[in-house]
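**Q** Handing you this structure, nothing more for now.
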Amino acid sequence: MSQVLQIGVIGTGNIGTAHARSLSHEVSGAEVAWLFDADASRAADLAAELGAQLAPTVEDLVVSSDAVVIASPDAMHAEQALLCLAAHRPTLCEKPLAPTVEEATTVVDAEVDLGRRLISLGFMRRFDPGYMALKSGIPAVGRPLVVHNVHRNTAAPYGLETALTLTNSAIHEFDINRWLLDDEYTSVQVITGEPGPRTPDGELDPLLVVLTTRGGALVEIEVFMNAWYGYEVRCEVVASDGTLDMGDGSYITRRASRQIGHDVPELWLGRFEDAYRRQLQAWVDATHLGKTSGATAWDGLVATISANAAVAAIGNGAVRIDIPDRPALYA
Ligand code: ISE
């Protein structure tokens, strides 16, 4: 492996472009060598900007690169992660590992067969200073009883499809709450209300998700994909001896012109910029040491199992979440 990792980035949409630019300008120990996108002219523009080369196919990109970032549409993640595993390439795969449990399972099975962890999952909130402070602060407030989460998008990034609200967006909460609590879910309910004014006919938005955990905590998530006023993510832990409130965690308050306030970002790239950069640096550093960083393929599978249980719970009361035994590779 080169001193400076030669990275291949699959997918040059919003997040792939952000990762490629961050790797080029903000992260040490790596450079973007190869790019691939189904839209070749979009990839060519970014390649010219960053001095990278265009790979003719995903397969070419994988074998030519020291390590790979998967930032393609969700439905392609599993197939491309399998290619990376077959070529033994360290990989940072954007969330979700896959939209379906079946596909996510094939990746975990392939990694277990390989006997070596190569996939890091892009649950970047684990690198967000706000969430990190919440996690490290929990012991001081006792046993967590309830976690309240708010996840609002200005407008649904994929139009609006209710299942994607859970498998693409709330998947962050399915991951971050089990990480915060160091616990596993046992059941999920999804409560629907009046659609918002910008909710397309036949879709459900906002949703309230309520999870129970093995340790007895309750996790509540409001997901509102067309909140319109801006992008906002909040989290509060209610514990036996106190509470911890991350608030939005990303702004300073401005007092001016007889007003107190702050700007609200339009997109998650604004809110989680720092987390994305820290995630990439941690992944590059770990790759140099032959390790993974942050969430694993196993964490990706558990989040996808939880999100799909939530999809099944819509209109059906509480649904059990059955997490299989964790393979020794992920101990
Ligand atoms: C997007 O992919 C993200 O990762 C954002 O954090 C989330 O808020 C958004 O809904 C997703 O589509």
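Coordinate-derived values only; no laboratory data. None of the values given here were measured: they were computed from a predicted structure. Cβ atoms come from the backbone with ideal geometry, glycine included; neighbour counts cover every protein chain shown.
**Q** Let's test the formula: R0 of 22 Å, r as the Cβ-Cβ distance of Y229 and A163. What FRET efficiency results, to the nearest 0.05?
**A** Once the sixth-power term is evaluated, E becomes 0.35.
**Q** Modelled label-to-label distance, V101 and V63, 7 Å Cα→beta-carbon offset: nm?
**A** Inter-label distance under the simple model: 3.7 nm.
**Q** Find which of V63, A286, A133 sits farthest along the positive direction of the dipole of the chain, computed with +1 on the beta-carbon of Lys and Arg, -1 on that of Asp and Glu, about the Cα centre.
**A** A133
**Q** How far is helix 171-181 tilted, in degrees, relative to the longest principal axis of the Cα atoms in the chain, given as a value from 0 to 90 rounded to the nearest 10?
**A** Relative to the chain, helix 171-181 is tipped by roughly 70 degrees.
**Q** Another question about this same structure. For helix 297-313, what angle does its Cα long axis make with the longest principal axis of the chain, in degrees from 0 to 90 and rounded to 10?
**A** 40
**Q** Give me the number: length gained by fully extending D274 to Q259, i.e. 0.36 nm times residue separation minus the C-alpha to C-alpha distance, one decimal in nm.
**A** 2.7 nm
**Q** Which residue, Y231, Y251, Y131, tops the fluctuation ranking in a GNM of the chain built on C-alpha contacts under 10 Å?
**A** With Cα springs under 10 Å in the chain, the top fluctuation among Y231, Y251, Y131 is at Y251.
**Q** What is the Cα centroid distance between region 234-250 and region 114-132, reported in whole angstrom?
**A** Spelled out, the Cα-based centre of one part sits 22 Å from the other.
**Q** Quote the Stokes-Einstein diffusion coefficient, in whole µm² s⁻¹, for the chain, based on the Kirkwood radius over alpha carbon pairs, a temperature of 25 °C and a viscosity of 0.890 mPa s. Mind showing how you got there, number by number?
**A** On the way: Rh = 20.5 Å.
So the translational diffusion coefficient is about 120 µm²/s.
**Q** Kindly work out what percent of the DSSP beta bridges joining two residues of the chain are antiparallel, to the nearest 5. Numbers along the way, then the final one.
**A** Numbers: 33 of 59 bridges.
Approximately 55 percent, going by the DSSP bridge assignments.
**Q** Given the C-alpha centroids of region 257-330 and region 7-35, what is the distance between them in whole angstrom?
**A** First find each Cα centre; the distance between them is then 20 Å.
**Q** Using +1 on the beta carbon of Lys and Arg, -1 on that of Asp and Glu, and nothing else charged, what's the dipole of region 49-118 about the Cα centre, debye to 20?
**A** Numbers: 4 positive and 12 negative charges, 50 e Å.
Computed charge dipole of region 49-118: roughly 240 debye.
**Q** Moving to a separate point now. For region 190-331, what value does the Rg/Rh ratio take when both radii are computed over Cα atoms and Rh is the Kirkwood radius, given to two decimals?
**A** Ratio value, two decimals: 1.01.
**Q** Which FRET efficiency, nearest 0.05, do D109 and K291 yield, Cβ-Cβ r, R0 25 Å?
**A** On the way: r = 21 Å, r/R0 = 0.84.
Rounded to the nearest 0.05, the efficiency is 0.75.
**Q** How high is the relative contact order of the chain, in percent, counting Cα pairs under 8 Å that sit 6 or more residues apart?
**A** So the answer I get is 21 percent.
**Q** While we're on this one: What length, rounded to one decimal in nm, is gained on full extension from E31 through to R143, with 0.36 nm per residue of separation minus their alpha-carbon distance?
**A** Length difference between fully extended and current span is 36.0 nm.
**Q** In deg cm²/dmol, rounded to 500, what helix-only [θ] at 222 nm does the chain give when every DSSP H run of at least 4 residues adds -39500 (n - 2.57) and the total is split over its residues? Could you put the intermediate results ahead of the total?
**A** On the way: 10 runs with 115 residues, N = 331.
My calculation for the chain gives -10500 deg cm²/dmol from helical runs alone.
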